[in-house]
Ligand code: PMP
């Protein structure tokens with residue numbers, strides 16, 4: 001017979017995680033391999049079930065791109081552009097790479113350039129979040145800011161000027177064939193593998209360059225033609241929805257900004273022109289529905305994903321998820337939906353996503369602190 005003291009001790013030890021049973025506890029097996037480079041850890045992101053927010057009669061999954069090594073879907077594009085250019089000879093050993101980017105492409109390129117030893121210069125409008133600039137600089141890149149009034153077109157033209165003047169390699173994410181190609185070869189193949197033998201009624205995405213959409217849609221149209229592809233764009237910048245064609249230069253880059261563009265809070269989505277990479281998806285009818293979404297809905301659903309699911313994504317992820325929830329509500333029972341979550345929410349600490357998240361204790365937290373006598377903060 002155990003005494004009360006011994007029982008209490010056993011309970012305490014078991015709570016500390018010492019006396020646990022290996023049959024019932026969570027465990028992992030390892031990946032069964034070692035990686036030669038951080039670059040080999042790009043992709044193979046998980047499709048994760050939404051358990052609390054989704055209506056019970058549908059299966060809603062998110063493809064969590066924040067599992068990429070530097071935290072976004074653009075890690076895929078970055079390694080693809082550089083490795084395709086190495087293979088074709090367009091990029092010389094040690095040559096400086098330059099690109100116009102609102103952040104995630106620059107951060108991805110900075111990681112790839114660091115791993116492979118290329119210098120990187122990024123041009124970026126000064127309206128994008130401070131942590132994006134700092135991250136790129138932390139990874140060894142140089143960041144040249146451009147005036148926000150000149151929009152995405154201004155930062156793109158600056159990158160072109162710098163490339164021409166200094167003989168640098170321009171990454172051309174908006175036109176490069178390496179963009180959709182990597183989504184065809186990785187993102188789409190992962191989706192096919194993860195939903196093999198299962199329903200996949202809807203695939204939902206937004207667009208920045210359109211690489212995710214064009215690459216995934218090439219494969220889904222061929223192999224899963226029953227899957228409806230749903231595209232979203234900001235409600236106040238409906239470039240695709242406007243039906244107005246994009247003026248282009250001979251190389252496919254934009255000749256002017258698009259008339260339907262307005263500044264919007266969904267960073268990484270919809271530049272002020274229709275990219276050539278996205279044009280393929282428009283011309284080939286790669287999406288079945290186009291549904292606009294507000295920036296406010298993106299922020300709201302990003303917060304709900306964090307607080308109700310423990311899934312931490314940025315505003316574009318929240319915006320894509322807002323559309324996935326609309327589809328879920330009108331879908332037939334048993335329908336399966338996959339929603340892209342392009343990046344981590346940690347990239348938005350200084351942006352409107354975190355507005356109202358306090359640094360100091362809230363009234364509720366102060367009351368909790370006062371509810372026991374010890375370790376209270378001095379009154380200010
Ligand atoms: N969301 C975020 C946060 C992004 O950075 C990007 C890429 N610019 C996208 C979505 C869209 O991805 P894609 O360029 O493949 O259309």
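The values are calculated or read from the model by the stated rules, or taken from the named source; none is laboratory data. Nothing here was measured: the structure is a model prediction, and the numbers come from that model. Because the Cβ atoms are built from the backbone with ideal geometry, glycine has one as well, and the counts that use them run over all protein chains shown.
Observations, loosely collected:
- Considering region 41-73, the residues that are touching a strand residue (DSSP E or B) at 6+ places or on another chain (Cβ under 8 Å) and in a helix (DSSP H, G or I) include one that is nearest to the ligand (Cβ to nearest atom), namely 65.
- All positions within region 104-130 that are assigned to a helix (DSSP H, G or I) and either within 13 Å of the ligand (Cβ to nearest atom) or free of Cβ contacts under 8 Å to residues at least 12 places away in the same chain (or both): 104, 105, 106, 107, 108, 109
- One residue from 79, 38 being over 25 Å from residue 198 (Cα atoms), more than 16 Å from the ligand (Cβ to nearest atom) and either surrounded by 15 or more Cβ atoms within 10 Å (Cβ to Cβ) or at pLDDT 95 or above (or both): 38
- Only one of 111, 136, 155 that is closer than 25 Å to residue 214 by Cα and in contact with a strand residue (DSSP E or B) (Cβ under 8 Å, 6 or more places away or on another chain): 155
- Set 254, 234, 259: member being in contact (Cβ under 8 Å) with a residue 40 or more places away in the chain, more than 25 Å from residue 331 (Cβ to Cβ) and not assigned by TED's automatic domain parsing to the domain that holds residue 155: 254
- With respect to the conditions (1) within 25 Å of residue 107 (Cβ to Cβ); (2) more than 16 Å from the ligand (Cβ to nearest atom); (3) crowded, with 23+ Cβ neighbours inside 10 Å, residue 314 falls short on a single one, namely (2).
- Where helices (runs of 4 or more DSSP H) fall wholly inside region 142-256, the ranges with 3 or more residues that are within 16 Å of the ligand (Cβ to nearest atom), crowded, with 16+ Cβ neighbours inside 10 Å and modelled with pLDDT under 95 are 151-166.
- Counting the residues of region 297-315 that are outside any helix (DSSP H, G or I) and within 30 Å of residue 181 (Cβ to Cβ) gives 4.
- Scanning region 55-103 for residues that are farther than 20 Å from residue 177 by Cα, more than 14 Å from the chain's Cα centre (by Cα) and free of Cβ contacts under 8 Å to residues at least 24 places away in the same chain gives 56, 93.
- Residue 333 meets the conditions (1) outside any loop (DSSP other than H, G, I, E, B); (2) touching a residue at least 40 places away in the same chain (Cβ under 8 Å); (3) more than 16 Å from the ligand (Cβ to nearest atom) in every case but one. The failed one is (1).
- Selection over region 272-296 of residues that are within 15 Å of the ligand (Cβ to nearest atom) and either within 15 Å of residue 233 (Cβ to Cβ) or assigned to a loop (DSSP other than H, G, I, E, B) (or both) gives a count of 14.
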